[in-house]
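Asks: If you scroll down you'll find the structure; I have some questions about it.
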Amino acid sequence: QVKVSVIQDAKNAVVSNNGGNYQVEASTLNKNYKSIVVNAYTAHHAGLIGSSKVSCVPSATSPGTLLLPPYNTERSPVGIEINRVTNALPILVGETDQSNNTFDNLDIGVMCNRSNVLIRNNTFQNIQTAGAQVATAAIYANGNPFFPLLHPIYNITVGGYGANDPNTFTNCLTGVYTTTNLNVNVYANTFYRITQYGVHCQAGNLGNTIN
């Protein structure tokens, strides 16, 4: 568990292998190359983050918005990276019984690679191209490039209709960007000052719902 803590200037702040259960609550993960990395797992993954901040912003002990060497020309490329977490019960980013998470000044807030993910109760802000720092999207998700050759289709759900399900996107290049054979569901979120796309669904996505 990581509670009421600060992890700053790490390469990877929290890494989950083989379903390693992480609980990040009321904590700040700042100026890490990657703040949370979740690697391949086929059973239900119980990792959680709530009431926390994932960012690349100046602090009293780490001025400026760039990382330490050898990444000292970059800001954090991704806040949370989820890789091939494939159980039908999705891994969660955000908790409805806690305060929301804030993702601030990153290239990508949450990256989902061939995974089933539910993203709720988060604020994404300043996921924006700034000078040499090029943003992609607040949420970026890719699916299965081999469909329909007997491979699974992954699901990403962003938001929901419960009181604490929606996400807010403010000053982002793109809110949600998805590619390659995904079921994409985007419900009841709020988008402000979006430079490019609120929600991008590539041809080949399946069963997209945007409400």
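The values are calculated or read from the model by the stated rules, or taken from the named source; none is laboratory data. If you're wondering where the values come from, they're calculated on a predicted model, not measured in any experiment. With ideal geometry, Cβ positions are generated from the backbone for all residues, glycine too; neighbour counts draw on all protein chains shown. Each accessible area value is taken on the protein alone, full model and side chains, heavy atoms only, with ligands, DNA and RNA left out. Shrake-Rupley method; radii C 1.70, N 1.55, O 1.52, S 1.80 Å.
Asks: If VAL184 satisfies every condition in (1) modelled with pLDDT of 95 or more; (2) touching a Cys at 6+ places or on another chain (Cβ under 9 Å); (3) assigned to a strand (DSSP E or B) but one, which is the exception?
Replies: All conditions are met except number (1).
Asks: Output the number of the condition that ILE91 fails; it satisfies all remaining conditions of (1) closer than 15 Å to ILE119 by Cα; (2) open to solvent by 10 Å² or more (accessible area, probe 1.4 Å); (3) in contact (Cβ under 8 Å) with a residue 40 or more places away in the chain.
Replies: Unmet condition: (2).
Asks: So which of ASN167, ASN208, ASN189 is more than 29 Å from THR73 (Cβ to Cβ), open to solvent by 20 Å² or more (accessible area, probe 1.4 Å) and either among the basic types (Lys, Arg) or at pLDDT 95 or above (or both)?
Replies: Working: ASN167 fails: open to solvent by 20 Å² or more (accessible area, probe 1.4 Å); ASN208 fails: either among the basic types (Lys, Arg) or at pLDDT 95 or above (or both).
Exactly one of ASN167, ASN208, ASN189 is more than 29 Å from THR73 (Cβ to Cβ), open to solvent by 20 Å² or more (accessible area, probe 1.4 Å) and either among the basic types (Lys, Arg) or at pLDDT 95 or above (or both), namely ASN189.
Asks: Right, here's the next one. Take the residues of the range 69-89 that are among the aliphatic types (A, V, I, L, M) and assigned to a loop (DSSP other than H, G, I, E, B): which is modelled with the lowest pLDDT? Can you show your working first?
Replies: Initial filter on the range 69-89 (among the aliphatic types (A, V, I, L, M)): 78, 80, 82, 85, 88-89.
Now restrict to residues that are assigned to a loop (DSSP other than H, G, I, E, B): 88-89.
Details: ALA88: 93, LEU89: 96.
Among those residues, the one meeting the criterion is ALA88.
Asks: While we're on this one: Hey, can you tell me all the residues within the range 170-186 that are surrounded by 18 or more Cβ atoms within 10 Å (Cβ to Cβ), more than 14 Å from the chain's Cα centre (by Cα), within 16 Å of SER115 (Cα to Cα) and not β-branched (Val, Ile, Thr)?
Replies: If the condition is that a residue be surrounded by 18 or more Cβ atoms within 10 Å (Cβ to Cβ), more than 14 Å from the chain's Cα centre (by Cα), within 16 Å of SER115 (Cα to Cα) and not β-branched (Val, Ile, Thr), then ASN181, LEU182 are the ones that fit.
Asks: Taking the range 120-131 as the search range and keeping residues that are open to solvent by 30 Å² or more (accessible area, probe 1.4 Å) and in a strand (DSSP E or B), which one is farthest from GLY162 (Cα to Cα)?
Replies: Among those that are open to solvent by 30 Å² or more (accessible area, probe 1.4 Å) and in a strand (DSSP E or B), it is ALA130.
Asks: Counting just the residues of the range 94-104 that are in a loop (DSSP other than H, G, I, E, B) and touching a strand residue (DSSP E or B) at 6+ places or on another chain (Cβ under 6 Å), which one comes out most open to solvent (accessible area, probe 1.4 Å)?
Replies: The residue in question is ASN100.
Asks: I'd like to check which strands (runs of 3 or more DSSP E) are fully inside the range 26-68 and have at least 1 residues that are crowded, with 16+ Cβ neighbours inside 10 Å, of a type in the set (D, E, K, R) and touching a residue at least 12 places away in the same chain (Cβ under 8 Å).
Replies: Ranges flagged: 34-38, 53-55.
Asks: Is it fair to say VAL117 is at pLDDT 95 or above, under 25 Å from LEU173 (Cβ atoms), surrounded by fewer than 21 Cβ atoms within 10 Å (Cβ to Cβ) and β-branched (Val, Ile, Thr)?
Replies: Criteria not met by VAL117.
Asks: Another one. In this structure, does ILE82 turn out to be within 18 Å of ARG114 (Cα to Cα), β-branched (Val, Ile, Thr) and in contact with a Phe, Trp or Tyr (Cβ under 8 Å, 6 or more places away or on another chain)?
Replies: On the way: within 18 Å of ARG114 (Cα to Cα): yes; β-branched (Val, Ile, Thr): yes; in contact with a Phe, Trp or Tyr (Cβ under 8 Å, 6 or more places away or on another chain): no.
When the stated conditions are applied, ILE82 does not pass them.
Asks: Out of VAL134, VAL110, which single residue is hydrophobic (A, V, I, L, M, F, W, C), open to solvent by 40 Å² or more (accessible area, probe 1.4 Å), closer than 24 Å to ARG75 by Cα and under 17 Å from the mean Cα position of the chain (by Cα)? If you could, list the steps in order and put the result at the bottom.
Replies: On the way: VAL110 fails: open to solvent by 40 Å² or more (accessible area, probe 1.4 Å).
None of the others qualify; the one that does is VAL134.
Asks: Let me ask another. What are the residues in the range 33-70 that are at negative phi and small (Gly, Ala, Ser), if any? Before the answer, list the steps.
Replies: Our first condition is that a residue be at negative phi; within the range 33-70, this holds for 33-50, 52-63, 65-70.
If the condition is that a residue be at negative phi and small (Gly, Ala, Ser), then SER35, ALA40, ALA43, ALA46, GLY47, GLY50, SER52, SER55, SER59, ALA60, SER62 are the ones that fit.
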